[in-house]
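The structure appears right after this line, and notes come after that.
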Amino acid sequence: MQAMVQKGYGSTEVFDLAEIERPRIAEDEVLVRVRAAGLDRGTWHMMAGRPYLLRVIGFGFRRPKNPVPGIDVAGTVAEVGSAVTRFAVGQPVYGMSRGSFAEYAAVLETKLAEKPANLTFEQAAVVPISAGTALQALSDSGRVEQGERVLVLGASGGVGSFAVQLAKAFGAEVTGVCSPGKQDFVRSLGADHVIDYTREDFADGSNHYDLILDIAGNPPLARLRRALAPNGTAVVVGGEEGGDWTGGFGRSLRAPLLARFVRQRLTMLASKERGSDLERLAEHFKNGTVTPRVDRTFPLAQVPEAMRHLEAGDVRGKIVITVVTDEARS
């Protein structure tokens, strides 16, 4: 099969399109014929090998243990393991794989779900990691309730675009924070209010929120607390700054430590890859309360160009990698 292979850590030059063997599946796995794959910041971190903590905790010290990048996947079932009971050959599916930038990818049965009929493969491919993270941040960690005021930092990105829509679906009043030029996009997601972070300060004391999702920034925890209601919750989902060793993880780890000494609830999200979350999200896709937003699509051979587009910071929603499979050739 054709696959995009990562031969080390660094810039986009570490990627090569190559012919490699199809993955062999375990008894509890499904082989998916890939139609489309999602690209996100997590894949960028694996390309760069930063923060270095990723290498230390087992992703590979000098090069990735799994040479094929990509997690989000959408396609059709090509083969099922002997212990798999929920999926059959030919079934349209989406989920979280071990290497989706390829014509075939192996996926654990527990990380897979049937693709909603009203989503294209390209739309489905951007859902698993980003929408799952947004759902867990709002529902599991944030415990959002109807009528609450929710602030989403990084509202125009992959996780943020789903978080705004899901928060509205849960009945919250949503304020999205984004960069200049993306306000209209965030409003189109359903945000009640939009803050341009270059002109306004969400922590100036004029508004206080019941729940803050800190997805893409790196504000000090003290700033988050200034914007929180006295009994509010802040969920640190991620961050793109910090040192080379821990990156945004350092601030995430400090949040629950500080929470022991204050009234407000400060927590971090260690998101989980769960097919059950995709089943929870399916109802939102079917009734139209949540729609995956695709910024641009790139063919498999143009993964480096797609990554450079992501690095430029202009993405609204998610990027899709379309994969040419045997099915498409025929």
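Values as computed for the structure displayed
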{"quantity": "Single residue of 261, 249 found to be surrounded by 18 or more Cβ atoms within 10 Å (Cβ to Cβ), out of contact with any His (no Cβ under 9 Å at 6 or more places or on another chain), at pLDDT below 85 and over 20 Å from residue 167 (Cβ atoms)", "calculated": "249"}
{"quantity": "Scan of the stretch 189-213 for residues that are at pLDDT 95 or above, surrounded by 15 or more Cβ atoms within 10 Å (Cβ to Cβ) and not hydrophobic (A, V, I, L, M, F, W, C), ordered by number", "calculated": "190, 192, 208, 209, 210"}
{"quantity": "Helices (runs of 4 or more DSSP H) completely within the stretch 94-204 that count 3 or more residues being in contact with a Phe, Trp or Tyr (Cβ under 9 Å, 6 or more places away or on another chain)", "calculated": "121-125, 128-135"}
{"quantity": "Flag if residue 157 is farther than 15 Å from residue 290 by Cα and either open to solvent by 20 Å² or more (accessible area, probe 1.4 Å) or within 17 Å of the chain's Cα centre (by Cα) (or both)", "calculated": "no"}
{"quantity": "Test for residue 295: is it crowded, with 19+ Cβ neighbours inside 10 Å, of a type outside the set (Val, Ile, Thr), touching a residue at least 12 places away in the same chain (Cβ under 8 Å) and assigned to a helix (DSSP H, G or I)", "calculated": "no"}
{"quantity": "Test: residue 98 is in contact (Cβ under 8 Å) with a residue 60 or more places away in the chain and open to solvent by 40 Å² or more (accessible area, probe 1.4 Å)", "calculated": "yes"}
{"quantity": "Which numbered condition residue 125 fails, given (1) open to solvent by 10 Å² or more (accessible area, probe 1.4 Å); (2) among the hydrophobic types (A, V, I, L, M, F, W, C); (3) under 27 Å from residue 235 (Cβ atoms)", "calculated": "(1)"}
{"quantity": "Residue count, the stretch 281-330 (criterion: modelled with pLDDT of 95 or more, within 27 Å of residue 12 (Cα to Cα) and out of contact with any strand residue (DSSP E or B) (no Cβ under 9 Å at 6 or more places or on another chain))", "calculated": "0"}
{"quantity": "Given (1) at negative phi; (2) open to solvent by 10 Å² or more (accessible area, probe 1.4 Å); (3) assigned to a loop (DSSP other than H, G, I, E, B); (4) at pLDDT 95 or above, index of the condition residue 218 fails", "calculated": "(4)"}
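The values are calculated or read from the model by the stated rules, or taken from the named source; none is laboratory data. The structure presented is a predicted model; accordingly, all values stated were derived computationally and were not measured. Neighbour counts are summed over all protein chains in view; Cβ atoms, including those assigned to glycine, are modelled from backbone coordinates with ideal geometry. Just so you know, the surface numbers come from the protein's heavy atoms only, side chains and all, with ligands and any DNA or RNA stripped out. Shrake-Rupley method; radii C 1.70, N 1.55, O 1.52, S 1.80 Å.
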